[in-house]
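First the structure, in the form of structure tokens, and then the observations on it.
Please treat every number below as a calculation from the coordinates, not as lab data. What you see is a predicted model; the values in this text were computed from it and never measured. Note that we place each Cβ from the backbone using ideal geometry, even for glycine, and neighbour counts take in every protein chain shown.
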Amino acid sequence: MENKHTKILEEEKEDIRKKLNYMLWLEKFTENNPKFSNFDFLDGRKNLSEEDKKNIYCFNLFYNVIKKYCENNYIYPVIDSKNSSHFNIKYNNIGYQIGLSCGEYSYMYCKRNDNYDDTYINYEDILLNKKQPHTDDIKKILEELQTIVISYYEQGIPIQAIQSSLNKIEIQLFNKSENDKMLGKIL
């Protein structure tokens with residue numbers, strides 16, 4: 001049985017996803033606070049309106065709406081560091097980095113970025129829960145991979161061997177990606 005608090009949070013999250021109110025508040029709030037985290041306002045020393053307090057309190061819900069949409073569309077966060085990553089969104093000709101930093105203290109943050117590019121996710125797509133053009137293609141390929149992996153397991157290859165091979169591929173791809181990034185900086 002779902003408790004009352006969880007149900008209220010889910011309703012608020014869905015309200016954020018379906019309406020522009022939160023995004024409009026963020027646009028206004030970041031005019032004076034272009035870079036902030038929910039951690040910045042925990043102690044209550046900064047004077048905030050009741051609306052600002054409520055919206056900062058709900059910032060984690062906003063982050064989770066974005067994260068869920070991105071997961072459903074195979075969009076992965078930009079890794080800032082070992083403990084920090086963000087999603088890039090845009091709305092009304094303004095870009096935002098909406099991120100999560102985990103360490104001794106975990107917090108969510110927002111950085112307004114007026115110099116965004118085409119890789120930023122249009123917030124209207126999130127509002128409408130619009131499928132990204134690449135989503136079906138990726139899903140189909142991953143289903144094919146899943147069929148192959150299951151076939152290998154059914155043929156008697158131990159799951160640990162399959163997992164080990166996938167981990168090696170992941171490391172190779174990560175190293176290739178890092179090398180490509182370095183090459184791009186050199187060129």
Quiz prompt | Two-site label geometry, residue 3 and residue 172: point separation in nm, points 7 Å out along Cα→Cβ | solution = 4.7 nm
Quiz item: Each label point is 7 Å from the Cα along the Cα-to-Cβ direction; what then is the distance between the points at residue 24 and residue 149, in nm?
Solution: 4.4 nm
Quiz item: Tell me, what ³J(HN,Hα) does each residue in region 124-136 have, in order and in whole Hz, if you take phi through Karplus 6.51 cos²θ - 1.76 cosθ + 1.60 with θ = phi - 60° and put x for Gly and Pro?
Solution: 4, 4, 5, 4, 8, 6, 6, 5, 6, x, 8, 4, 5
Quiz item: Over what distance in Å are the Cα centres of region 141-157 and region 52-72 separated?
Solution: 35 Å
Exercise. With everything on Cα atoms, drop me the angle between helix 21-32 and the longest principal axis of the chain, reported from 0 to 90° to the nearest 10.
Key: 70 degrees
Practice problem: Would you please classify the overall shape of region 4-128 from the alpha carbon gyration tensor, given that a ≥ b ≥ c denote the square roots of the eigenvalues, rounded means a/c under 1.5, and beyond that prolate means a/b larger than b/c while oblate covers the rest? | Solution: rounded
Quiz item: With charges set only on the Cβ (+1 for Lys and Arg, -1 for Asp and Glu), what does the dipole of region 4-128 come to about its Cα centre, in debye to the nearest 20?
Solution: 260 debye
Practice problem: Please tell me which of these pairs span more than 20 angstrom C-alpha to C-alpha: 18/46; 35/131; 68/139? | Solution: 18/46; 35/131
Quiz item: Just from its helices, what would the mean residue ellipticity at 222 nm be for the chain, if runs of 4 or more DSSP H residues each count -39500 (n - 2.57) and the sum is divided by every residue, rounded to the nearest 500 deg cm²/dmol?
Solution: -18000 deg cm²/dmol
